[in-house]
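The values are calculated or read from the model by the stated rules, or taken from the named source; none is laboratory data. Keep in mind that this is a model prediction, so the values were computed, not measured. Heads up, the Cβs are rebuilt from the backbone with ideal geometry, glycines too, and the neighbour counts pull from every protein chain shown. Ligands, DNA and RNA are excluded from the accessible area calculation, which covers all protein heavy atoms including side chains. Shrake-Rupley method; radii C 1.70, N 1.55, O 1.52, S 1.80 Å.
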Amino acid sequence: MLTGFLFANEIFSQIFYNLLTQNLPQLNLKVTFFFYNLSMQKTKSKRKWYFRLLKKLTKIRYKKPTFIYLGEEISNSGVILCNHEGTDSPMTFEIYSNKPVRFWGANEMNSGLIKMYKYQSRVYFHEKKHWNLFLARLFCLIASPLTNLFYSGLNLISTYKDARFAKTLKESVSALKDGDNIMIFPEKSDDGYKEVLDGFFGGFIMLGEYALKNQIDVPIYIAYFNKKNKTFLIDKPILYSELKNQALSKKEVAEKLCSRCNELGALTNDQEFINLHK
């Protein structure tokens, strides 16, 4: 789930929170697209002009990472599963990866200012970042309008917890056909964002299945972003059909890929490994 906010939100939120809470507790793609010409691969995402300007400004907040690939680089029409790290993972990838990408994001953050305010104040800042609810609501009077502007330029794919998820799948497959990668942050974050992930939600499996029915066998890349040393570690891809052929349940697939994501996270803390692969 994407909750990437304008870098100003993060900077001001830290200042605001510290001031007011000093006394509070703390391809090889095995798929044929009859409509897709590999000689004309998409190299960047469509973004609105003002968003491109904002991206340049956000480099003040989000520093350039080191990208390490354990296999082939991300190209087109893949699915990337990554840890969230608040805004850091999605924003760092958006700014520095130079890969065509569409992010999945909670529909509440992509459905207008009022819904965004309610979701951002209660869910993001209060439940996930553990802010005092009153302070979260007060801060979001400023943050939500900025976030709304930012999200309108990011071109998110909205996700839902009901039958409307079919819209998510349909829009995602359309983006895959257009050459975009789909980046998903599937970690279970009810208790906040953690370095060692508790688990993955299985929405990405439904996407893989739906894409396969549309003659697209998506390569799935597991990635981990280490916020401390600014390292993006990206595993070699596995085709969805290969996962499916392992005859695992949806829960087992989610556990398997989450476990691999945590393994990548451990590797990003191994300085000898990082130096060897730079």
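Could you look through region 228-252, keep only residues that are of a type in the set (A, V, I, L, M) and assigned to a loop (DSSP other than H, G, I, E, B), and pick out the one that is nearest to the chain's Cα centre (by Cα)?
The qualifying residue nearest to the chain's Cα centre (by Cα) is L248.
State which residue is nearest to G78 (Cα to Cα) when the search covers only region 159-183 and only residues that are of a type in the set (G, A, S) and part of a loop (DSSP other than H, G, I, E, B).
G179
Any residue that is open to solvent by less than 50 Å² (accessible area, probe 1.4 Å) and modelled with pLDDT under 95 - is there at least one of those in region 160-175?
In the first step, residues of region 160-175 are kept if they are open to solvent by less than 50 Å² (accessible area, probe 1.4 Å); the result is 160, 165, 168-169, 172-173, 175.
Still in the running and modelled with pLDDT under 95: 160.
Yes: one or more hits.
If you check D270 against the conditions, is it in contact with an Asp or Glu (Cβ under 8 Å, 6 or more places away or on another chain), surrounded by fewer than 16 Cβ atoms within 10 Å (Cβ to Cβ) and either of a type in the set (V, I, T) or over 17 Å from S77 (Cβ atoms) (or both)?
Criteria not met by D270.
Going through region 166-184 one residue at a time, which ones are of a type in the set (A, V, I, L, M, F, W, C) and in contact with a strand residue (DSSP E or B) (Cβ under 6 Å, 6 or more places away or on another chain)?
Filtering region 166-184 for residues of a type in the set (A, V, I, L, M, F, W, C) gives 166, 169, 173, 175-176, 182-184.
Across region 166-184, the qualifying residues are A175, I182, M183, I184.
Of the conditions (1) surrounded by 15 or more Cβ atoms within 10 Å (Cβ to Cβ); (2) under 17 Å from the mean Cα position of the chain (by Cα), V196 fails just one. Which one is it?
Of the numbered conditions (1) surrounded by 15 or more Cβ atoms within 10 Å (Cβ to Cβ); (2) under 17 Å from the mean Cα position of the chain (by Cα), the odd one out for V196 is (1).
Can you tell me which residue among N229, N181, N214, N245 is buried (at least 18 other Cβ atoms within 10 Å of the Cβ) and polar (S, T, N, Q)? Spell out the reasoning first.
Numbers: N229 fails: buried (at least 18 other Cβ atoms within 10 Å of the Cβ); N214 fails: buried (at least 18 other Cβ atoms within 10 Å of the Cβ); N245 fails: buried (at least 18 other Cβ atoms within 10 Å of the Cβ).
After applying the criteria, what remains is N181.
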